[in-house]
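Novice: Could you have a look at this structure, given as structure tokens, before my questions?
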Amino acid sequence: MSVEHKKQLIDNTLWVYAGKIITQILGLFATVLVIRKLPVEVYGTYTFIFGLFVVYQLFITSPLKNVLLRYVPELTQGGHFNVVRKLLLYALSLASAMVLLFSFFLWVFQDSFSAFFNIDSFDTHIKAFFVFVLCYALKVLSETIISSFLKHPLSAKANVLVVLFRASAYLIMLDKITVNMLLYIEAIASLVFVAFVLTGIYQQLSKANNPDNHTNVLTIKGRVSRFYLLSFFSELGYGIIGKTSDHYIIAAMSSPFYVGLYAFALKVFEIFYKILPFREFESVLKPIFFKRFSYSGSHKEINDFYMFAVKVLLPLFMFPVLYFLLFGKGVIIHVFEEKYLPAYWVTCVSLVGILINGYFYPLNLVIQLKERVEINLYSRVIVVFSIVAGIYFMKLYGIVGVAMATVLGEFFKNVFMLIMLRRYVPIKYPLAIISRYGALFLLMGALCLPFYTYLQTLGGWLLGSVAFGILYALVLINIHPLNKEEAGRLEGLVTSSSKLRKVYEKIEPFFNKCKVLSK
């Protein structure tokens, strides 16, 4: 990775994460108040209706999102802005038409839908849902477009406004909050984001006013069409395997109360994703990765990048899993109220999915780079296992069983994709990743489990969390699997940013002392 790409990767990630730090504390506080305020069954109804967007996501926004993130960076790198404008116009037109079509069918069959999934008074929520869907779809596409142009600082600023608006609305409306009110708040928040980033999108699209005569439009059109169709069917299968679709199994086989418990588990999953920069780093890394390897890059270079990303990022993915396993009951009791304690184990099982995502983190990047999206499509055969196992495990273990089926399906899917990808790129996992990070997981568990009961008290939770963070960092510094070359690459990546360089220079002596003390 060139110095320019390193600097862009770090600076864009810092901008995005800075926006998160400024806003997420307030946003998290407001979200916790809403969860505490609403009865479990009402919260379950809201999350189920909100989760209906997954249908629109599978058929509309996700395939288009994959296409834009894959080809816009490549086309802008080549200066083909005329083609980019046409691609964005087609994407927005297709999305708008399909949103209207899906909404029409849901309106016609709303009574049957409500009866099958045990949702009372669905007709009172459907208008608010349609407004939310239209606004949220525009927000998703706008965010994708601005990310594909590598304008993450603009996206970060827009997200600051969105979170401030959402949190303020929650706090103002807290005493009279309803399902419809929550949907309208999300709709307006989406419009705030779209309005803010429109200027940046327009500036990018107006860079080239003359048609590009050097672009083979037919070739690009064929590649984009093929990629879109494969992404469409791939995302369809992913949605059936994914966590959001679990709501449908639980709703059809139980009640809104259990939907609410499962929704709580997914909310904790989402909170960890918001606190740690998983999605933001991916949104920055993906276009830079495609710009770097689209025109050059040997199999060895791609494999080296793949393993470097896994080694660096896996500890971040492991942290929330281990933390909630040890401190989860304390978090539920002192933050969300004891009424959500029955969701402890389903939350723990769901968080294992974060660990699986970390272990296979760069897999989709390489698949999309090689334009082998059919691998994603073939992997959706796991959908059969996911549906059957979800229903069967629900009967045996309740909502914990549904989470188990989803996590197992996610693991089998990624293993299948890795095996298929090795036909084109020889991806090889070194044993050190499993042995070193496995030792980290077991050691931290062995050190903390004797104090498990004490960690559920308020004092034990607060003091234990601080001690856990320090101990985790100390153990990680000494048993990480990075070799000298990779450690130097990580140091170069960090110091490529002037902002991070100053911080690194101050904490480097502490890291060195920790290594010495451990010997």
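The values are calculated or read from the model by the stated rules, or taken from the named source; none is laboratory data. Remember, it's a predicted structure, so these values are computed and weren't measured experimentally. All Cβ positions, even for glycine, are placed from backbone atoms using ideal geometry, and neighbour counts span all protein chains on display.
Novice: Does segment 169-188 contain any residue that is out of contact with any Ser or Thr (no Cβ under 6 Å at 6 or more places or on another chain), of a type in the set (S, T, N, Q) and at pLDDT below 80?
Specialist: Checked segment 169-188: no residue is out of contact with any Ser or Thr (no Cβ under 6 Å at 6 or more places or on another chain), of a type in the set (S, T, N, Q) and at pLDDT below 80.
Novice: Select from segment 111-136 the residues that are in a helix (DSSP H, G or I) and over 25 Å from the mean Cα position of the chain (by Cα) and list them in ascending order.
Specialist: Matches in segment 111-136: D111, S112, F113, S114, A115, F116, F122, D123, T124, I126, K127, A128.
Novice: Please work out which one of (1) surrounded by fewer than 17 Cβ atoms within 10 Å (Cβ to Cβ); (2) touching a helix residue (DSSP H, G or I) at 6+ places or on another chain (Cβ under 7 Å) is the condition L455 fails and give its number.
Specialist: The single condition L455 does not satisfy is (1).
Novice: Another question about this same structure. I'm checking my understanding of the structure. Among residues of segment 480-514 that are modelled with pLDDT of 75 or more and of a type in the set (G, A, S), which one is surrounded by the fewest Cβ atoms within 10 Å (Cβ to Cβ)?
Specialist: Selected residue: G488.
Novice: I'm checking my understanding of the structure. Among residues of segment 52-110 that are among the aromatic types (F, W, Y), surrounded by fewer than 20 Cβ atoms within 10 Å (Cβ to Cβ) and within 24 Å of L183 (Cβ to Cβ), which one is nearest to the chain's Cα centre (by Cα)?
Specialist: So, considering only residues that are among the aromatic types (F, W, Y), surrounded by fewer than 20 Cβ atoms within 10 Å (Cβ to Cβ) and within 24 Å of L183 (Cβ to Cβ), the one nearest to the chain's Cα centre (by Cα) is F53.
Novice: Residue by residue through segment 163-177, note down the ones that are in contact (Cβ under 8 Å) with a residue 60 or more places away in the chain and either touching a Cys at 6+ places or on another chain (Cβ under 6 Å) or surrounded by 16 or more Cβ atoms within 10 Å (Cβ to Cβ) (or both).
Specialist: V163, L164, R166, A167, Y170, I177, listed by residue number.
Novice: Looking at the structure I just gave you, is Y361 more than 28 Å from G330 (Cα to Cα) and either at pLDDT below 90 or of a type in the set (G, A, S) (or both)?
Specialist: It is true that Y361 is more than 28 Å from G330 (Cα to Cα) and either at pLDDT below 90 or of a type in the set (G, A, S) (or both).
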